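Worksheet: the structure to be examined is printed underneath.
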Amino acid sequence: MSKSSLSVTDNRTGKQYEIPIQNGTIRAVDLRQIKVADDQAGLLTYDPGFLNTASCRSAITFIDGEKGILRYRGYPIEQLAERSTFLETAYLLLHGELPSAADLDAWVHGVTHHTIVHESIKKFIDGFHHDAHPMGMFVSTVAALSTFYPEAKHIAEERSRRNQIFRLIAKTPTLAAFAYRHSVGMPYAYPDNDLSYAGNFLNMMFKATEVKYVPNKALERALDVLFILHADHEQNCSTSTIRGVGSSHSDPYSAMAAAAAALYGPLHGGANEEVLRMLREIGSKDKIPAYLERVKRGEFRLFGFGHRIYKNYDPRAKIIKRIAEEVFDVTGKNPLIDIAVELERIALQEDYFVTRKLYPNVDFYSGIIYEAMKFPLDMFPVLFAIGRTPGWLAQWQEMLLDKEQKIARPQQIYAGPDQRDYVPIEARR
Ligand code: ACO
């Protein structure tokens, strides 16, 4: 008997089965042979929220949640945050290797020269109400891009995929900044190709009457590092969404709009916005214990805490806490940081958080930095989406090229009524 297998006895029938184990995993379809009668479908696994189900093989991102390790293509996140740039990291995620100098130049040039959006996109954004949430505008305009590039449907063609990848990475900051400018009633600021990816984004966000916007170097670098930290995170909710939608072979704009919509929720990328609301509501350090009591009573969750995969400190949160100091040297200290640090200190001594292994996640400190940099609260999830774009696209492409992948279509356990006859309306009670 092979040692890399699972012996199963079905006590309903007394039959025995040998299920192979590979990479610490059994194939769910191997359970289908386990059935009571030949005309039955066979054993299913039930896993709401995919707590224990691998949906793909991926060579992009490695996480060890127990140890708090995150690597892109094998490179530790700490090294990338220290030494790489966002566009280089995006190349790495999409191509699997760090680029040569010439490849990086061509890549940066390609992204930089796709930043302009069709003038009609502005009309879409103009049509939104003045207080529309920028994430709603972002999701809609990413989807709208598919109408400008109908060839994006040709997802099997490498060249088409490459073009849409350039466009999406290049245009997301433009869409994000335009959404912001619309909400504050400022004229749209066009991309400036002399600037870096993050520098140009700051230009499109904050340029006022100056002829040329000059980003602050420290803030530009801090934003670039924040984008690196958000660039991928394996099979999270939004990434599973782009894989799921993309598995029906829809174009990448539609699939990425769906991913951004998934990110918008407060349990995922919308948490950074909620953290700031929470810290403001707490207001001062002396209110923290009472607030935590309410969390422990289950009245609400502590936003920016807890993670499905990390049962240790999120390595991104550690780096973000460090960047905060560098940003505050330029912007002045955001007083909310003191409340956040104290909240973390007290929470990590509480049994409730210790036993459940709830630690600060990426969203806990990022909003405090964004606010110090003058980004409004409702732009926080949009900033997350800009950073996550290369990861979504790398995962989308990997899914398309994976011969084992099929259209995503989970099973269900039917829990409704048995067959019954239609009742005419006058006979219904
Ligand atoms: N505050 C208080 N209690 C929490 C929190 C929290 N932030 N997170 C989890 N718990 C508790 C749950 O109540 C549950 O307790 P119980 O066992 O007594 O019922 C236990 O910890 C396990 O929680 P689950 O909801 O089962 O964990 P899951 O893995 O499904 O959820 C999630 C992960 C959604 C991130 C959760 O921790 C949460 O809601 N956090 C707050 C929102 C947040 O910060 N989201 C951003 C995550 S990072 C990202 O997506 C980029």
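Taken over segment 150-189, the criterion of being more than 24 Å from the chain's Cα centre (by Cα) and either among the acidic types (Asp, Glu) or not in a helix (DSSP H, G or I) (or both) is satisfied by Glu151, His154, Ala156, Glu157, Glu158, Gly185, Met186, Pro187, Tyr188, Ala189. The residues on offer are His118, His109, His114, His129, and the sole one that is at negative phi, under 24 Å from the mean Cα position of the chain (by Cα) and of a type outside the set (D, E, K, R) is His114.
Go over the candidates Asp378, Asp363 one by one and state the one that is under 19 Å from the mean Cα position of the chain (by Cα), closer than 30 Å to Leu175 by Cβ, part of a helix (DSSP H, G or I) and more than 16 Å from the ligand (Cβ to nearest atom).
Asp378
Restricting segment 293-313 to residues that are near the ligand (Cβ under 9 Å from one of its atoms) and in a helix (DSSP H, G or I) leaves a set whose member that is surrounded by the fewest Cβ atoms within 10 Å (Cβ to Cβ) is Lys296.
If I ask for residues that are in a helix (DSSP H, G or I), in contact with a helix residue (DSSP H, G or I) (Cβ under 7 Å, 6 or more places away or on another chain), within 12 Å of the ligand (Cβ to nearest atom) and closer than 30 Å to Thr331 by Cα, which ones from segment 221-275 would you list? If the condition is that a residue be in a helix (DSSP H, G or I), in contact with a helix residue (DSSP H, G or I) (Cβ under 7 Å, 6 or more places away or on another chain), within 12 Å of the ligand (Cβ to nearest atom) and closer than 30 Å to Thr331 by Cα, then Leu229, His230, Leu263, Tyr264, Ala271, Asn272, Glu273, Val275 are the ones that fit.
What are the residues in segment 345-359 that are in a loop (DSSP other than H, G, I, E, B) and either β-branched (Val, Ile, Thr) or crowded, with 20+ Cβ neighbours inside 10 Å (or both), if any? Leu358, Tyr359 - these are the residues of segment 345-359 that are in a loop (DSSP other than H, G, I, E, B) and either β-branched (Val, Ile, Thr) or crowded, with 20+ Cβ neighbours inside 10 Å (or both). Regarding Glu342, is this residue assigned to a loop (DSSP other than H, G, I, E, B) and either in contact with a Pro (Cβ under 7 Å, 6 or more places away or on another chain) or farther than 22 Å from Ile77 by Cβ (or both)? Answer is no for this residue.
None of Tyr365, Tyr310 is among the aromatic types (Phe, Trp, Tyr) and over 20 Å from Leu276 (Cα atoms) except Tyr310. For segment 390-425, give me each residue that is in a helix (DSSP H, G or I), out of contact with any Leu (no Cβ under 8 Å at 6 or more places or on another chain) and surrounded by 10 or more Cβ atoms within 10 Å (Cβ to Cβ). Trp392, Gln395, Trp396, Glu398, Met399, Leu400, Leu401, listed by residue number. Please work out if Asp30 is part of a loop (DSSP other than H, G, I, E, B), under 27 Å from Gln412 (Cβ atoms) and out of contact with any helix residue (DSSP H, G or I) (no Cβ under 6 Å at 6 or more places or on another chain). The answer is no for Asp30.
The set of residues from segment 315-337 being out of contact with any Leu (no Cβ under 6 Å at 6 or more places or on another chain), more than 20 Å from His233 (Cβ to Cβ), surrounded by 14 or more Cβ atoms within 10 Å (Cβ to Cβ) and in contact (Cβ under 8 Å) with a residue 40 or more places away in the chain comprises Ala324, Glu326, Val327, Phe328, Thr331.
Let me confirm something: among Thr61, Thr147, which residue is modelled with pLDDT of 95 or more, away from the ligand (no atom under 16 Å from the Cβ) and surrounded by 13 or more Cβ atoms within 10 Å (Cβ to Cβ)?
Matching residue, one of Thr61, Thr147: Thr147.
The set of residues from segment 77-87 being in contact with a helix residue (DSSP H, G or I) (Cβ under 8 Å, 6 or more places away or on another chain) and surrounded by fewer than 19 Cβ atoms within 10 Å (Cβ to Cβ) comprises just one member, Glu78. Determine whether Ala198 is assigned to a helix (DSSP H, G or I), under 20 Å from Thr141 (Cα atoms), hydrophobic (A, V, I, L, M, F, W, C) and modelled with pLDDT of 95 or more. Against the criterion (assigned to a helix (DSSP H, G or I), under 20 Å from Thr141 (Cα atoms), hydrophobic (A, V, I, L, M, F, W, C) and modelled with pLDDT of 95 or more), Ala198 does not qualify. Taking residues in segment 287-301 that are more than 18 Å from Thr355 (Cα to Cα), and partners anywhere that are of a type outside the set (Val, Ile, Thr) and surrounded by 14 or more Cβ atoms within 10 Å (Cβ to Cβ), the pairs with Cβ atoms closer than 7 Å and at least 6 places apart or on different chains are Ile288/Glu342; Ile288/Leu343. Taking the criterion of being more than 26 Å from His95 (Cα to Cα) and in a loop (DSSP other than H, G, I, E, B), would at least one residue in segment 62-73 satisfy it? Checked segment 62-73: at least one residue is more than 26 Å from His95 (Cα to Cα) and in a loop (DSSP other than H, G, I, E, B). For segment 40-57, the tally of residues that are small (Gly, Ala, Ser), surrounded by 12 or more Cβ atoms within 10 Å (Cβ to Cβ) and out of contact with any helix residue (DSSP H, G or I) (no Cβ under 6 Å at 6 or more places or on another chain) stands at 2.
The values are calculated or read from the model by the stated rules, or taken from the named source; none is laboratory data. From a predicted model like this one, the values you see are computed outputs, not experimental measurements. As a convention, Cβ positions derive from the backbone with ideal geometry for all residues, glycine included, and neighbour counts pool all protein chains shown.
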